[in-house]
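Visitor: Please read through the structure below; I'll follow up with questions.
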Amino acid sequence: MPQARWGKSPKTGDERRFLDGPQSRLVELRRLFRIFREFLRGFRKLHFLGPCVTIFGSARFPPGNRYYDLAREAGRLAAEAGFTVMTGGGPGIMEAANRGAWEAGGRSVGCNIELPHEQKPNDYLDLWVDFRYFFVRKVMLIKYSYGFLVFPGGFGTLDEIFEAATLIQTGKIPNFPLVLLGTEYWKDLIELLRDRMVTEGTIAAEDLDRLHLTDSPSEAMAIVEAYGHKVAGIALRPKPSVFLGERAPKARSAVSNRR
């Protein structure tokens, strides 16, 4: 993605004003209602997905890239294990994971973010939700998952890794599996954590145990499945309420249903 696009605000400019210090009480109140509506929309649309695996990674890897192929395989394995595959809904690793789930006949979901360059949902989604605020989107990507698979990525992917790791470390969410795929790509990060941060005492040595490193999608899914079935227990999907106008997404039984 060209660096010239960096620093531009979304069309509304609301996110930038949101972080630009205090504003009038009326402006802040309106913004609170917009944030509330965004949370409500996400909760209503994603409530009936059942247990999810969230897959993170760069939007910049095209089809044919080795990480794209690995993510596609991970999406397939997750769907075959009975999980809904959730991603950020965009291209690259997100598309690959959604594609793998789609081709396996599983549920494939995206939480898309509105960006200046108009990131569009990929073509392998049964359901997607558009979000204006990154922090709302991150809540949705974490809230419904029993495990996180992380492929190589940039600032956004690092943010997602450490958001999940911090929530696990502080006990805000259970000790869900957090698996980094791509040992060569992530080795310098692991060395920084082990040789610098643990040595300086900014994290504990056992915090590194929260991160699993592998090149194998099947090994990654084995870690997630072991936790989901033996520790957490796979929760049943909630039943939708006709009274509240709720509907569960329909599962596909074959790849032929593809759009």
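Each reported figure results from applying straightforward, stated rules to the coordinates on display, with no laboratory input. Since this is a predicted model, take the numbers as computed values, not measurements. So basically every Cβ, Gly included, is an ideal-geometry build from the backbone, and we count neighbours across all protein chains shown.
Visitor: Using only the Cα atoms of segment 28-179, build the gyration tensor, take square roots of its eigenvalues as a ≥ b ≥ c, and label the shape rounded, prolate or oblate: rounded if a/c is under 1.5, else prolate if a/b is larger than b/c, else oblate.
Guide: The shape class here is rounded.
Visitor: Something else: Given the peptides 191-201, 21-31, 138-148, arrange them by the average over their residues of other C-beta atoms within 10 Å, most packed first.
Guide: So the peptides 191-201, 21-31, 138-148, ranked by packing, come out 138-148, 191-201, 21-31.
Visitor: Please identify every one of the GluC sites (Glu not before Pro) in segment 83-129 that sits in a loop by DSSP and has no more than 13 other beta carbons within 10 Å of its own beta carbon.
Guide: Answer in residue order: E118.
Visitor: Given the Cα-Cα distance of D69 and L167 and 0.36 nm per residue of separation, how much length would full extension add, in nm?
Guide: 32.3 nm
Visitor: List, in order, the whole-Hz ³J(HN,Hα) value for each residue of segment 29-37 obtained from phi through the Karplus relation with A = 6.51, B = -1.76, C = 1.60 and θ = phi - 60°; use x for Gly and Pro.
Guide: 5, 4, 5, 4, 5, 5, 5, 4, 4
Visitor: Out of residues 5 or more away from F131 or on other chains, whose amide H comes under 5 Å of its own, with H placed 1.01 Å from N in the peptide plane?
Guide: N112, I113, E114
Visitor: Highest mean first, how do 167-174, 106-113 rank when packing is the count of other Cβ atoms within 10 Å averaged over residues?
Guide: For the peptides 167-174, 106-113, the packing ranking is 106-113, 167-174.
Visitor: Taking a threshold of 23 Å on the Cα-Cα distance, which of the pairs K120/K172; K45/K120; K120/K187; K143/K187 fall above it?
Guide: Result: K120/K172; K120/K187; K143/K187 exceed 23 Å.
Visitor: Give me the net charge of C111's neighbourhood, meaning all other residues with Cβ under 9 Å from the Cβ of C111; Lys, Arg count +1, Asp, Glu -1.
Guide: +1
Visitor: So if we plug the beta-carbon distance of E206 and F18 into 1/(1 + (r/R0)^6) with R0 = 35 Å, what FRET efficiency do we get, rounded to 0.05?
Guide: 0.45
Visitor: Just to check I understand the Karplus step: with θ = phi - 60° and J = 6.51 cos²θ - 1.76 cosθ + 1.60, what whole-Hz values come out for segment 211-225, glycine and proline as x?
Guide: For segment 211-225, the Karplus curve yields 9, 9, 10, 7, 10, 10, x, 5, 5, 4, 5, 4, 5, 5, 5 Hz.
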